[in-house]
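In what follows, a structure is listed as structure tokens, so that the remarks can point back to it.
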Amino acid sequence: MRHYYSAQQIRDAEAPLLAALPDGALMRRAAYGLATVIAGELSRRAGVVAGRRVCAIVGSGDNGGDALWALTFLRRRGVSVTAVLLNPDRAHRDGLTAFRKAGGRVVSAVPSDTDLVVDGVVGISGNGPLRPGAAEIAEQANAEGIPVIAVDIPSGVDVHTGAVDGPAFRAAVTVTFGGYKPVHALGDCGDVRLIDIGLELPASTLRELDAHDVAAAWPIPGPADDKYTQGVTGVLAGSSTYPGAAVLCSGAAVAATSGMVRYAGTAAAEVVSHWPETITTQTEEAAGRVQAWVIGPGYGTAERQTRTLRRVLSGGLPVLVDADALTILAEHHDLTELVASRAAATVLTPHAGEFARLAGAPPGPDRVGAARSLAARLRATVLLKGNVTVIAQPDGTAYLNRAHGSWAATAGSGDVLAGVIGTLLAAGIPAHKAAAMGAYVHARAAAAAAADPGPGKAPISASRLLGHLRWAIAEIG
């Protein structure tokens with residue numbers, strides 16, 4: 001599991017080390033790690049390190065000091081090093097002294113023959129847009145395609161939200177120290193490398209599952225299990241207008257190892273024709289034993305669907321509310337109050353537009369904060385869809401899932417995701433973990449579908465994504 005830390009949490013963890021170590025030792029430790037990454041990139045790109053040309057853009061904070069010390073170490077390996085000081089009077093004194101003593105040159109602009117730029121402009125305490133001098137250099141590096149290695153964060157990218165407001169450095173690699181920060185998942189940071197500098201950090205409230213976490217928690221039937229003990233997923237989806245939503249949602253539940261899928265709705269014939277193992281009825285009241293409900297994909301928003309949503313939410317089973325059911329929820333204040341009062345788990349899976357209707361405002365640049373706020377207000381798990389999906393719990397704990405691409409941004413993809421998460425809820429997985437696990441496998445299936453058959457990648461459909469779910473589940477194991 002990966003943990004993400006705020007700037008203040010990192011500073012608090014650094015304080016004991018700074019007090020215990022000789023002055024400047026922690027910075028040099030970080031800078032040595034940075035220099036090692038830079039040398040590796042030079043070798044990978046050019047085949048050699050000695051003779052390459054690196055220019056650091058140096059701000060007035062400790063990131064500028066990290067960059068100067070790193071170039072000092074690189075100079076000892078035969079690298080030609082230069083530095084642009086954005087504020088010469090406030091450049092890190094010891095770092096600049098060492099840099100000059102090693103043979104580094106201070107220049108007024110990035111030399112035209114530079115092989116690589118080190119962005120040491122803004123650290124994790126920075127905020128707001130870049131100042132003009134730094135902004136011009138960022139635009140130059142981006143326009144000329146000069147590879148950039150960012151120190152801690154790409155300058156111009158918000159450390160907490162990953163948002164960009166104006167020019168920003170586009171990093172090929174970001175080197176960070178001690179612990180990951182939210183920007184490393186939420187922003188465009190290129191390849192993120194973590195340097196261990198000896199910080200002792202507690203578990204954080206912003207996390208990301210990895211393949212091991214998902215595989216360890218994925219429900220696997222034991223010798224005493226039967227179709228009921230594995231979980232029975234109830235699906236309320238589809239309509240005469242959108243029968244495909246019922247097919248995709250039910251098919252995802254079948255593929256995600258549900259012991260049984262019970263479909264209740266008007267698209268029963270279409271569902272059975274694709275998935276003959278499903279049990280179908282016309283209404284949820286006639287569905288029989290169910291251990292979790294998925295309601296909303298392609299379902300419609302008329303009075304009949306509103307009554308069904310109210311009945312389902314009034315029951316004591318876990319419920320995943322998606323698509324049309326989210327629209328109904330947003331239009332009926334008594335239903336949002338019902339969600340907030342439920343004892344059983346509720347998972348809401350909005351995209352940005354649905355979120356705006358539920359919350360009364362778009363999520364904005366702080367998507368984690370927005371999801372946390374809605375989760376706390378409705379006492380539900382909120383899965384805010386996006387290239388980086390945010391899963392927030394009422395207690396403020398949140399999980400991130402990076403898709404590493406936008407292949408899943410296709411019609412019907414959300415119907416598949418709803419079926420997967422619903423199956424995990426029926427199997428007894430806690431709501432926040434079911435949502436995070438479902439998002440992880442969903443993204444892996446989308447990437448696999450885009451790459452099948454190789455080489456290269458091609459656009460996919462929700463049906464192709466669904467067809468790769470079993471592969472994605474097996475692959476994490």
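Things worth noting here:
- Yes/no for Ser80 being at pLDDT below 95, among the small types (Gly, Ala, Ser) and over 36 Å from the mean Cα position of the chain (by Cα): no
- The range 267-281, subset open to solvent by 30 Å² or more (accessible area, probe 1.4 Å) and assigned to a helix (DSSP H, G or I), residue nearest to Lys227 (Cα to Cα): Val272
- Residue check, Asp395 surrounded by fewer than 22 Cβ atoms within 10 Å (Cβ to Cβ) and under 26 Å from Glu337 (Cα atoms): yes
- Any chance Leu417 is buried (at least 18 other Cβ atoms within 10 Å of the Cβ), at pLDDT 95 or above and in a helix (DSSP H, G or I): yes
- Matching entry among Ala344, Ala352 (being within 20 Å of the chain's Cα centre (by Cα), at pLDDT 95 or above and of a type in the set (A, V, I, L, M, F, W, C)): Ala352
- Single residue of the range 170-199 satisfying the filter (in contact with a His (Cβ under 9 Å, 6 or more places away or on another chain) and over 20 Å from Asn387 (Cα atoms)) that is most open to solvent (accessible area, probe 1.4 Å): Leu194
- Checklist (1) at pLDDT 95 or above; (2) over 17 Å from Ala426 (Cα atoms); (3) in contact with a strand residue (DSSP E or B) (Cβ under 8 Å, 6 or more places away or on another chain) applied to Thr283, failing item: (1)
- Checked against the criteria, Arg28 does not count as in a loop (DSSP other than H, G, I, E, B), open to solvent by 20 Å² or more (accessible area, probe 1.4 Å) and touching a residue at least 12 places away in the same chain (Cβ under 8 Å).
- Sole exception among (1) within 30 Å of Ala252 (Cβ to Cβ); (2) at pLDDT 95 or above; (3) of a type in the set (Ser, Thr, Tyr); (4) open to solvent by 10 Å² or more (accessible area, probe 1.4 Å) for Thr233, by number: (4)
- Every residue from the range 446-459 that is closer than 16 Å to Ala411 by Cβ and open to solvent by less than 20 Å² (accessible area, probe 1.4 Å): Ala446, Ala449, Ala450
- Restricting attention to the range 31-48, the residues being in a helix (DSSP H, G or I) and loosely packed, with under 12 Cβ neighbours inside 10 Å number 1.
- So Ala344, is it in contact with a strand residue (DSSP E or B) (Cβ under 9 Å, 6 or more places away or on another chain), within 30 Å of Gly222 (Cα to Cα) and surrounded by fewer than 19 Cβ atoms within 10 Å (Cβ to Cβ): yes
- Only one of the listed residues (Pro223, Pro154, Pro202, Pro167) is touching an Asp or Glu at 6+ places or on another chain (Cβ under 8 Å), open to solvent by 30 Å² or more (accessible area, probe 1.4 Å) and more than 21 Å from Arg444 (Cβ to Cβ). That residue is Pro167.
- Residue ID - surrounded by the most Cβ atoms within 10 Å (Cβ to Cβ), chosen from residues in the range 282-307 that are in a helix (DSSP H, G or I) and under 33 Å from the mean Cα position of the chain (by Cα): Gln305
- Cβ pairs under 7 Å, 6+ apart, first in the range 104-126 and open to solvent by less than 20 Å² (accessible area, probe 1.4 Å), second among the hydroxyl-bearing types (Ser, Thr, Tyr) and not in a loop (DSSP other than H, G, I, E, B): Gly104/Thr72; Gly104/Thr82
- Residue satisfying all of: in the range 348-374; touching a residue at least 60 places away in the same chain (Cβ under 8 Å) and in a loop (DSSP other than H, G, I, E, B); surrounded by the most Cβ atoms within 10 Å (Cβ to Cβ) among these: Thr349
The values are calculated or read from the model by the stated rules, or taken from the named source; none is laboratory data. Here the structure is a predicted model, which is why all the values come from computation and not from measurement. Note that each Cβ is placed from the backbone with ideal geometry, even for glycine, and that neighbours are counted across all protein chains shown. Only protein heavy atoms, including side chains, enter the accessible area calculation; ligands, DNA and RNA are left aside. Shrake-Rupley method; radii C 1.70, N 1.55, O 1.52, S 1.80 Å.
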